[in-house]
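K.L.:
Just dropping this structure here.
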Amino acid sequence: MLQMVNEGRPATITEEDDKLVVEPFTFGDGVQCQGGAFSLNEWEGRCFRLYLNADGSLSTDDTQGHFWQLAEAQVPMREIVMVETDDRDENDMPIVVSQKQPLNVAEDVVVSVWAFPE
């Protein structure tokens, strides 16, 4: 679920399955951002932050300075379910394996979105 933090014009960000998708946009004095798609699976159990750099590139690197923060989300751990396979063990019992459920950003994650500075 997307939620605005401040008033103004944000980047166009959508949720598609396990990804946040940023549409291409222009900001400032005509600087172009190509947009991008970011899978939140690798951020499971951690905080995801998406930044805009002054040159129009997007970054998730928390260790350097950036022009503007576009979005932030605390990504939950995915649910693990036990699933029987078609394989059998030596006692002819079905083999059970654990599987992580897919992450659905629209349903499972609250994404805070910031509008551009005026």
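The values are calculated or read from the model by the stated rules, or taken from the named source; none is laboratory data. Everything quoted here is computed from the prediction, not taken from an experiment. With ideal geometry, Cβ positions are generated from the backbone for all residues, glycine too; neighbour counts draw on all protein chains shown.
K.L.:
Report, by residue number, each residue of segment 28-48 that is in contact with a Pro (Cβ under 9 Å, 6 or more places away or on another chain) and touching a residue at least 60 places away in the same chain (Cβ under 8 Å).
P.N.:
Hit for segment 28-48 is N41, nothing else.
K.L.:
Select from segment 67-113 the residues that are closer than 30 Å to C47 by Cβ and among the hydroxyl-bearing types (S, T, Y) and write down the one among them that is farthest from the chain's Cα centre (by Cα).
P.N.:
S98
K.L.:
Would you point out the residue of segment 6-41, among those that are part of a strand (DSSP E or B) and among the acidic types (D, E), that is surrounded by the fewest Cβ atoms within 10 Å (Cβ to Cβ)?
P.N.:
E16
K.L.:
For segment 42-97, what are the residues that are at pLDDT below 95, among the polar types (S, T, N, Q) and either surrounded by 14 or more Cβ atoms within 10 Å (Cβ to Cβ) or in a strand (DSSP E or B) (or both)?
P.N.:
T85
K.L.:
Kindly list the number of the only condition in (1) more than 9 Å from the chain's Cα centre (by Cα); (2) at pLDDT 95 or above; (3) not in a loop (DSSP other than H, G, I, E, B) that fails for Q3.
P.N.:
Every condition holds for Q3 apart from (2).
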